[in-house]
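What follows is a short report on a single structure.
The values are calculated or read from the model by the stated rules, or taken from the named source; none is laboratory data. As the structure is a computational prediction, the values presented were derived from the model and not from experiment. Glycine gets a Cβ as well: all are built from the backbone with ideal geometry, and neighbour counts include every protein chain shown.
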Amino acid sequence: MNLRSIDLNLLVVLDALLDEAHVSRAALRLNLSQPAVSNALQRCRDLFDDPLLERGRGTMRRTARAEALRGPLKSILGELNDLIDPPEIPLHRMHQTVRLTMADDPTFLIAGPLLTALQSTAPGVTPIFQPWNGSAAAARELLNGETDIAVSVFANQIEGIEQITLFDETYVVAMRRDHPAAKAFDLDAWLAFPHVLMSGTGAAQSPLDAQLAAMGRSRRVGAVVPSFQLVPSLLAHTDHIAMLPKHGFDQNAHPLLTSFDPPIEVSGFPLHLANHTRQSNNRGVQHVIATIREIFLV
């Protein structure tokens, strides 16, 4: 293939088309006419000898080739942008959106301090907190360019993704201050009352249940909720008990509650901050990463 025959602007249009999977939305994003984007899509189909976008039931779907192109395309365009237009704008004058994907508990910990810090260091950098669909989905979004930063638990290193550990999380057992179990909290008291379980999938069991079963014990799950932030209000007026991540439980914010260390050893987990290597030279993304790291420096 003769590279001189390729219009690089075509790749910019293709990037928008593959992101949006919709000709009209891509045209709006690029400030181009719909016929112009439709024409560019046909040229891309000819270039890659693939439909790229196929019509489904009232929508368009990316082909397997299109999905495979998304990550490399974003990397190439990012490198070209850095080559042609080096980012010399001072941080306080920069205007950029940075997309972050994380569950509700990390968002609760990060969003406020991040906005406060950016207000003074980079007020034109706008964080966009995107919906959380699990760690596997977060990794895919990093790889295909749908998100810039992910905060999650990643079990393994993933090629092309840079990971650092923000902190090692542990748990506390929370309940209302005048709860009967608070008078003499131990394993029997812990298991004598219904537990609130947080599960993004609606699962009514967790690894803790297998750990208790190995000890010949069990607990009763009295409620399953999709967010840790719903739990404190449920505990304040019931006899339910919950095990919560220690970093996300602010005793001062919940004066009706108290907390204890779990009466058995419960494994914690490392919380990772990750970005794709294509973002290594993106000053806006790297500034947000550095700011988040500073939030958790002890």
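This table checks each residue for (1) within 15 Å of Glu169 (Cβ to Cβ); (2) among the aliphatic types (A, V, I, L, M).
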position: Gly200; (1), (2): no, no
position: Ala210; (1), (2): no, yes
position: Ala214; (1), (2): no, yes
position: Gln229; (1), (2): no, no
position: Leu256; (1), (2): no, yes
position: Ser259; (1), (2): yes, no
position: Ile264; (1), (2): no, yes
position: Leu273; (1), (2): yes, yes
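Please find, within segment 59-96, the residue that is nearest to Gly160 (Cα to Cα) out of those that are surrounded by fewer than 16 Cβ atoms within 10 Å (Cβ to Cβ) and among the basic types (Lys, Arg). So the residue we want is Arg65.
Evaluating Trp190 against the criteria (1) over 14 Å from His272 (Cβ atoms); (2) at pLDDT below 95; (3) crowded, with 19+ Cβ neighbours inside 10 Å leaves one unmet condition, (2).
Please report, ordered by residue number, the strands (runs of 3 or more DSSP E) entirely within segment 37-114 with at least 2 residues that are in contact with a Leu (Cβ under 8 Å, 6 or more places away or on another chain).
Details: elements: 53-55, 60-62, 96-102.
It comes to 60-62.
Counting only residues that are more than 28 Å from Phe154 (Cα to Cα) and either hydroxyl-bearing (Ser, Thr, Tyr) or in a loop (DSSP other than H, G, I, E, B) (or both), how many does segment 115-136 have? The qualifying residues number 5.
Does segment 178-185 include one or more residues that are part of a loop (DSSP other than H, G, I, E, B), among the basic types (Lys, Arg) and free of Cβ contacts under 8 Å to residues at least 24 places away in the same chain? Working first, answer last.
Looking only at segment 178-185, we keep the residues that are part of a loop (DSSP other than H, G, I, E, B), and these are 178-179, 183-185.
So of that shortlist, the ones also among the basic types (Lys, Arg) come out as 183.
Imposing the further condition that a residue be free of Cβ contacts under 8 Å to residues at least 24 places away in the same chain reduces the set to 183.
Yes, some residue in segment 178-185 is part of a loop (DSSP other than H, G, I, E, B), among the basic types (Lys, Arg) and free of Cβ contacts under 8 Å to residues at least 24 places away in the same chain.
Every listed requirement among (1) at pLDDT 85 or above; (2) loosely packed, with under 14 Cβ neighbours inside 10 Å is met by Gly56 save one, (1).
In the list Asn281, Asn275, which residue meets the criterion of being within 28 Å of Ser135 (Cα to Cα), surrounded by 19 or more Cβ atoms within 10 Å (Cβ to Cβ) and not charged (D, E, K, R)? Please lay out each step first, then the result.
Numbers: Asn281 fails: surrounded by 19 or more Cβ atoms within 10 Å (Cβ to Cβ).
The unique qualifying residue is Asn275.
For segment 71-130, residues that are within 19 Å of the chain's Cα centre (by Cα) and of a type in the set (Ser, Thr, Tyr) total 4.
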